[in-house]
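The values are calculated or read from the model by the stated rules, or taken from the named source; none is laboratory data. Keep in mind it's a predicted model, so treat the numbers as computed, not measured. Positions of Cβ are backbone-derived with ideal geometry, glycine not excepted, and every protein chain shown enters the neighbour counts. Quick note on the areas: whole protein, heavy atoms, side chains included, nothing else; ligands and nucleic acids left out. Shrake-Rupley method; radii C 1.70, N 1.55, O 1.52, S 1.80 Å.
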Amino acid sequence: MSLHSEKIIIIDFGSQTTQLIARRIREQKVYSEIHPYTITLAEIQQMQPSGIVLSGGPASVYDNDAPISDPGIFELGIPVLGICYGAQLMMQQLGGRVEMAEHREFGKAELKILYTGGIFAGMETDPAKYQVWMSHGDRVEQAAPGFVATATSDHSPYAALRHEDKPFVAVQFHPEVIHTLIGTDVLRNFIFDLCGCHPEWTMHSFIDATVKDIRDKVGKDKVICALSGGVDSSVTAALVHRAIGDQLTCIYVNNGLMRTGESESVLSFFRQKTHLRVIDIDATPYFLKELEGVADPEEKRKRIGFGFIKIFEEEAGKLGEVKFLAQGTLYPDVIESVVFHGKAPIKSHHNVGGLPERMQLDLIEPLRELFKDEVRELGLELGLPEEAIYRQPFPGPGLGIRIMGAVTAERLNIVRQADVIVLEEMKKSGWYRKVWQSFAVLLPIQTVGVMGDGRTYENVIALRSVDSRDAMTADWSQLPYDLIGRISSRIINEVRGVNRVVYDISSKPPSTIEWE
Ligand code: XMP
């Protein structure tokens, strides 16, 4: 069953900006989803898309092993937009010629429009110029039969093309990136004028369709959900609860590695404000014992993950027969897990690693079509409060991976106090929501300081704050000096056992956001 009556499908040839195409289309309230280029014609037909976008990609269409989609796409009578590699593939498959360009174009370029209909409706022809963003080494040398150029740039005689009778358009530039100032207009013209879509995909319609879907799937069976208090699991729980009420039981496991007050606030919120049935387990002693003397980061992660599964399983076992596990997998997780062009997936995603197989549970993943910002919007629509929705991400292994080396009660105490100060100051200054994540890391190495008249020999706290869109890449946040200064002096003055604070100025890659 399809949840969406109108959809645009994007065929992915491996561009780093493919996800952006989907986001930009969804921002126009039209549902859009990404599929690998290996998708078959039958699968496409079954989806009945209103339009197809061929994404960009790093390959050359004339390479022997170039990724190629089924040329039968052009026989379906469905509008197609080719972007960069997708444009070149369209030309090649329909009888044009693509070659390596003498002048490659990377970054900003100026577009001269020759034809102001179709995707360029509402724009002006030469001498007007429009800033677009290019990234290509090949270019179209000869248009396929039936196609004409609709725009040029300094180095691309065919910066855009259209078929004179069929709904096929191609652009050498990337309309999905913000540096292409007319990008949104180009995509809007494609989805509304050429494809005839309507802006009807809203969170409200998503909730209605998903609630129905969950009810159909679950029937009268029981569902469990691991609630962490993070945005994804909170929104998942709220949505599933909206669908099936008390057939859902949430399990919150306090692994003893949570921040100050975290467990209390998560539990009181869900119990008082949402009427969700939540079982809470304080497994602090178990986890601290499991982690005793363990300094290796992977081993720590493994033990925390395994412990979580063990305790979750025990509690779920007490509920009688449970058939489903609800999990907050997001769209980027789904895409990252797909094998692309013979390469291994970027990461295999397991939210509650291993649970479904071990317990023989079927998965319910109501967020698997959504991006993070859409999940936030959905949460607000479901009535979750802003403070739950705009929380910064917090890793499953908690403070366990923010203490370098072995975890002890004393070190947890130090990092918790420092963390409270970081969050207080970030919120007070208005920076909490501007950055992706901000937190304290305890480095249990001693350095020399002086306090009062005495010499000290104590721990270091590293302050980490990063900007990111999706945690795949990140850069350190350029926080104001006075804010960093205030955090540093408060931590050193208020947290016993710390006499030095440093600021982490590494980007991801090559570093990661967390320190372990
Ligand atoms: P890294 O450190 O890999 O982190 O750059 C990327 C994002 O993922 C979070 N993170 C985790 N979240 N379980 C989680 O639920 C984990 O094991 C985990 N490890 C890292 C991290 O906080 C950042 O937002």
>> My understanding is that a pair violates if its Cα-Cα distance is over 29 Å; which of 112/166; 323/508; 222/273; 108/434 do that in this structure?
In response: 323/508
>> What's the ranking of 107-120, 230-243 by average number of surrounding C-beta atoms within 10 Å, highest first?
In response: 230-243, 107-120
> Rg to Rh for segment 7-194: what is it, with Cα atoms only and Rh by Kirkwood?
Replying inline: 0.92
> For residue 427, which aspartates and glutamates qualify as cross-link partners when the Cα separation must be under 15 Å and same-chain residues fewer than eight apart are set aside?
Replying inline: 386, 387, 419, 482
>> Antiparallel versus total DSSP beta bridges in segment 1-160: what percent is that, nearest 5?
In response: 55 percent
>> I need the peptides 294-303, 131-140 ranked by packing, meaning the mean over residues of other C-beta atoms within 10 angstrom, with the highest value on top.
In response: 131-140, 294-303
>> Strictly greater than 23 Å: what percent of every Cα pair in segment 203-389 meets that?
In response: 45 percent
> Considering only protein heavy atoms, what per residue accessible area in square angstrom results for segment 246-318 with a 1.4 angstrom probe?
Replying inline: 50 Å²
> How long is segment 123-197 along each principal axis, judged by its Cα atoms, biggest number first, in Å?
Replying inline: 33, 32, 25
> Which percent of the accessible heavy-atom area of segment 203-389 goes to carbon and sulfur, probe 1.4 angstrom?
Replying inline: 51 percent
> Do any chymotrypsin sites (Phe, Trp or Tyr not before Pro) in segment 358-464 lie in a DSSP loop with no more than 13 other beta carbon atoms within 10 Å, and if so, which?
Replying inline: 390
>> How much accessible area per residue does segment 7-194 have, counting only protein heavy atoms and a probe of 1.4 Å, in square angstrom?
In response: 41 Å²
> Based on DSSP, what percent of beta bridges with both residues in the chain are antiparallel, to the nearest 5?
Replying inline: 50 percent
> Angle between the Cα long axis of helix 18-27 and the longest principal axis of the chain, 0 to 90 degrees, nearest 10?
Replying inline: 90 degrees
>> Using only the Cα atoms of the chain, what are the Rg and Dmax in Å?
In response: 26.2, 86
> Sorted by mean Cβ packing within 10 Å, highest first, what order do the peptides 373-385, 410-422, 84-96, 482-494 take?
Replying inline: 84-96, 410-422, 373-385, 482-494
>> Using only the alpha-carbon atoms, how far is helix 231-244 inclined from the longest principal axis of the chain? Give it as 0 to 90 degrees, nearest 10.
In response: 80 degrees
> How much of the accessible area of segment 408-503, in percent, comes from carbon and sulfur atoms when a 1.4 Å probe is used?
Replying inline: 51 percent
>> Can you compute the equivalent ellipsoid semi-axes for segment 408-503, i.e. the square root of 5 times each eigenvalue of the Cα gyration tensor, sorted largest first and rounded to whole Å?
In response: 25, 14, 12
> How big is segment 192-279 in terms of Cα radius of gyration and Dmax, in angstroms?
Replying inline: 16.6, 56
